[in-house]
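Report on one structure; see the data block that follows.
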Amino acid sequence: MFPLGLLGSGEKAEVVDKVPVGSHALRQCHCDSAGKGCRKGSTVRIEDMGIRPGKTIEMLSNEGGGALLVKVDEARIAMGRTMAMKIMVRRKDG
């Protein structure tokens, strides 16, 4: 089990239901209305974006700095590295 932010481009993993104590990554993220980072404003639930325990997630782009691009089901989702480091995954074979 390791953070999503450490998954390499092209790798697939399963979102695990266990998150570190005190982490609210799978519960909510406070973003502005334009979705440009974590600021005070409307609450966007990570689960509503399809990132739920048991789901397969594929890393599309992880260039080592800045935002990541992941694929969950047929949706492509961009997220900040800070958020990705709070979502725990388990690498999948194949």
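Checking the structure you have, find out if any residue of segment 74-87 is at pLDDT below 80 and among the acidic types (D, E).
Going through segment 74-87, the residues at pLDDT below 80 turn out to be none.
Looking through segment 74-87, none of the residues is at pLDDT below 80 and among the acidic types (D, E).
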* Go through segment 65-80 residue by residue and tally those that are of a type outside the set (D, E), outside any strand (DSSP E or B) and open to solvent by 60 Å² or more (accessible area, probe 1.4 Å). => 1
* Hey, can you tell me all the residues within segment 81-94 that are within 19 Å of R52 (Cβ to Cβ) and open to solvent by 40 Å² or more (accessible area, probe 1.4 Å)? => M85, K86, R90, R91, K92
* Asked: From the set of residues in segment 42-64 that are touching a Lys or Arg at 6+ places or on another chain (Cβ under 8 Å) and without any contact (Cβ under 8 Å) to a residue 24 or more places away in the chain, which is most open to solvent (accessible area, probe 1.4 Å)?
  -> R45
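The values are calculated or read from the model by the stated rules, or taken from the named source; none is laboratory data. Just so we're clear, the structure is a prediction, and the values are computed from it rather than from any experiment. A quick note on method: Cβ atoms are made from the backbone with ideal geometry, for glycine too, and the neighbour counts reach across all protein chains shown. Calculation scope for accessible area: heavy atoms of the full protein, side chains included, ligands and nucleic acids excluded. Shrake-Rupley method; radii C 1.70, N 1.55, O 1.52, S 1.80 Å.
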